[in-house]
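We did not get these values from a lab; they are worked out from the coordinates using the rules stated. On a predicted model such as this, the values are computed, not experimentally measured, just so you know. Cβ: placed from backbone, ideal geometry, glycine included. Neighbour counts: every protein chain shown.
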Amino acid sequence: MIKDSLIFRWTNLKVLERNAKDKARLLQPFTYEEFEKDFILNNPFFHQRKSIKANLVPVTYEFNIAEYENRFPIFKLPAPEYGTILATFLYYIKKLLSEHRIRTAANYQTTYTTISRFRGSVRFTEIDVAFLKQLEAWMMDQEYSKTTVGIYTRCLHTMFNEAIFQGIINRDKCYFFGRRKYQPPTSRNIKKALTLEDVGKIYYYEPGYLEERKAKDFWLFSYLANGINPTDIAHLKYKNIDGEYITFERAKTENSTRSAPKPITVYITEDMQQIIDFWSTNDKRPGNYIFPILQHDITPLRQVELIELFVQALNDWMRKIRKKLGIEKAITTYVARHTFSTIMKRSGVSTEFIQESLGHTSIKTTENYLDSFEKTVKKEYSQKMVAFKKDAAGNGQVHEQS
């Protein structure tokens, strides 16, 4: 028994020696610091020196953590050990918050919590294709939607890229994403566009309360203004108005697009002008907000909170309006954007023009928005192929004779 144990250890040492030589041979020029980082760090066969870990800890992003503790309770938990997946998540979340990307940071926090529930703070060296597939299966067992699973595993993918950038892991040995490896699942969202008839019902609806009018007006404003989302509505300032047009840049593209984002230009229709006149602020200096949703001199976190309250109120009242009008589909601010793009397409507008109107950086995103429209068109076209058929009452053209 002792002999077998010695043989096993001797074999492991020979394998370790061979791997060390291979790693040293690949390092050109060779340095002990790089060798320790690439071969010894996170290797279970070696004692992990504190000094090497300390040298690899990335810069800390400066911001007031206390301000975010209620929304980000992970800051109150014991800090995970450097080199683990959760430590990298925590670092990345702090980076996002320092850039005021609060809602994106919140998405990464939910992924952090999910990974922690699944298997705790594992090291990158413990993650492989099998781990990723087991994580996906576990989330599906927990009744996560396929879309959510895709979002969380893409966040995990980002953490691998971050760890590679920081030098925590070696891409050649610890990268398990991509073709023939692991690919996060994707799914088609059920498109939520309303028909023009439904939009007409909303347009002619007579609100019974001021809150109803506010919800209806801002829903229509979003629909008429190129499907503008609530965040961009909240950030509109009087300087964005140029004669008969509103020109603005999407807040969403500020961090995702490094090149100068293309401005979106919207013609101010008579209906839009009436909404602006009724709900706008009195002080029309260029730097002031058009609508009293946000305030000056508030923190980025408070901005997000106010926009969320604005959206929640709009969606709640539009839900009540929907029931009164007997509209089957949901009527949310998100639906307004999809409805704009779909009705534009039905009117014969090109996908490229719709892409520009929505402010999408990729035409694929626009095509995904229009996916349900394309399916409907295919159904209509298939019916045109047999337009010669008579209906049940015998009306219409005659059947083609066989």
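Extension gain for Glu81 to Arg319 (0.36 nm times residue separation, less C-alpha to C-alpha distance): 81.1 nm. Applying 1/(1 + (r/R0)^6) with R0 = 51 Å to the Cβ-Cβ distance of Lys284 and Glu126 gives a FRET efficiency near 0.30. Along the charge dipole of the stretch 133-187, pointing to its positive end and built from +1/-1 on Cβ of Lys, Arg, Asp and Glu, which listed residue (Gln142, Gly178, Asn161) has its Cα farthest out? With unit charges placed on the Cβ atoms, the residue in question is Gly178. For the stretch 67-77, putting each phi into the Karplus relation 6.51 cos²θ - 1.76 cosθ + 1.60 with θ = phi - 60° gives couplings of 5, 9, 5, 5, 7, 10, x, 5, 5, 8, 7 Hz, in residue order, rounded to whole numbers and with x for Gly and Pro.
Rounded, prolate or oblate, given the Cα gyration tensor of the stretch 56-189, with a/c below 1.5 counting as rounded?
oblate
The label point for Leu309 and the one for Gln274, both projected 7 Å from the Cα toward the Cβ, are 2.9 nm apart. If you plug the beta carbon distance of Gln134 and Asp242 into 1/(1 + (r/R0)^6) with R0 = 51 Å, you get a FRET efficiency near 0.40.
Extension gain for Arg154-Arg302 works out to 50.5 nm (0.36 nm per residue, less the C-alpha to C-alpha distance).
The distance between label points at Ser347 and Ala106 comes to 3.3 nm (points 7 Å beyond Cα on the Cα→Cβ vector). In this structure, the amide hydrogen of Lys237, modeled 1.01 Å from its nitrogen in the peptide plane, lies closer than 5 angstrom to those of Ile290, counting only residues at least 5 positions away or on a different chain. Computed from label points 7 Å out along Cα-Cβ, the spacing between Gln295 and Glu99 is 2.9 nm.
Principal semi-axes of the equivalent ellipsoid, √(5λ) from the alpha carbon gyration tensor of the stretch 279-330, are 29, 15, 6 Å from largest down. Backbone amide hydrogens, once placed in the peptide plane, bring Ile268 within less than 5 Å of Tyr245, Ile246, excluding anything fewer than 5 places away on its chain.
For the pair Gln142 and Glu69, a Förster radius of 22 Å applied to the C-beta separation gives a FRET efficiency near 0.25, rounded to the nearest 0.05.
My understanding is that a pair violates if its Cα-Cα distance is over 21 Å; which of Lys94/Lys262; Lys201/Lys324; Lys94/Lys239; Lys146/Lys345 do that in this structure? The answer is Lys94/Lys262; Lys94/Lys239; Lys146/Lys345. Sequentially through the stretch 121-134, phi angles give Karplus couplings (6.51, -1.76, 1.60; θ = phi - 60°) of 8, 7, 7, 4, 5, 8, 9, 9, 4, 4, 4, 5, 5, 5 Hz, Gly and Pro residues having no value and appearing as x.
Determine, for each peptide in 314-326, 288-300, the mean count of other beta carbons within 10 angstrom over its residues, then list the peptides with the highest first.
The packing order, highest mean first, is 314-326, 288-300.
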